[in-house]
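The values are calculated or read from the model by the stated rules, or taken from the named source; none is laboratory data. Keep in mind that what you see is a predicted model, and the values were worked out from it rather than measured. Every residue, glycine as well, gets a Cβ built from its backbone with ideal geometry; the counts of neighbours run over all protein chains shown. Just the protein is used for accessible areas: all its heavy atoms, side chains included, with ligands, DNA and RNA removed. Shrake-Rupley method; radii C 1.70, N 1.55, O 1.52, S 1.80 Å.
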Amino acid sequence: MNINKDKKSKQEYVYLLDEAEFKGFDYVSVFTKNETNMIIPVRLQNDLLDFCTLGLNDKLTVYLSNKQKGIGYDYGMAIHFR
């Protein structure tokens with residue numbers, strides 16, 4: 001990353017970026033559940049509950065729908081279909 005740390009207008013941004021990179025990633029556990037009380041074909045239900053995190057991740061946040069050993073999760077997100 002090419003940021004000129006000497007420019008005054010960019011200093012606050014640089015400090016925030018440095019702090020975020022020092023802290024590391026935030027890991028978010030994503031849980032989905034079918035609460036529709038309706039009979040849904042198994043394949044459709046599996047597709048609805050198979051939460052794809054592709055496109056949600058950014059430079060400092062990682063969303064995972066399958067918990068992985070050795071990762072301390074910072075946040076949890078529950079998605080309930082009703």
Next item on the list: Look through region 60-77, keep the residues that are among the small types (Gly, Ala, Ser) and part of a loop (DSSP other than H, G, I, E, B), and return whichever of them is modelled with the lowest pLDDT.
Entry: Ser65
Notebook entry, point to check: From the residues in region 16-36 that are modelled with pLDDT under 75 and either assigned to a strand (DSSP E or B) or under 19 Å from Ile71 (Cα atoms) (or both), which one is most open to solvent (accessible area, probe 1.4 Å)?
Noted result: Phe22
Item checked: Checking Asn57 against (1) closer than 27 Å to Asp18 by Cα; (2) at pLDDT 85 or above, the condition it does not meet -> (2)
Next item on the list: Answer yes or no: is there a residue in region 45-52 that is in contact with a Phe, Trp or Tyr (Cβ under 6 Å, 6 or more places away or on another chain) and polar (S, T, N, Q).
Entry: no
Check: Mind checking which residues of region 37-75 are loosely packed, with under 10 Cβ neighbours inside 10 Å and either among the basic types (Lys, Arg) or closer than 11 Å to Asp26 by Cα (or both)?
Finding: Arg43, Lys59, Lys69, Gly72
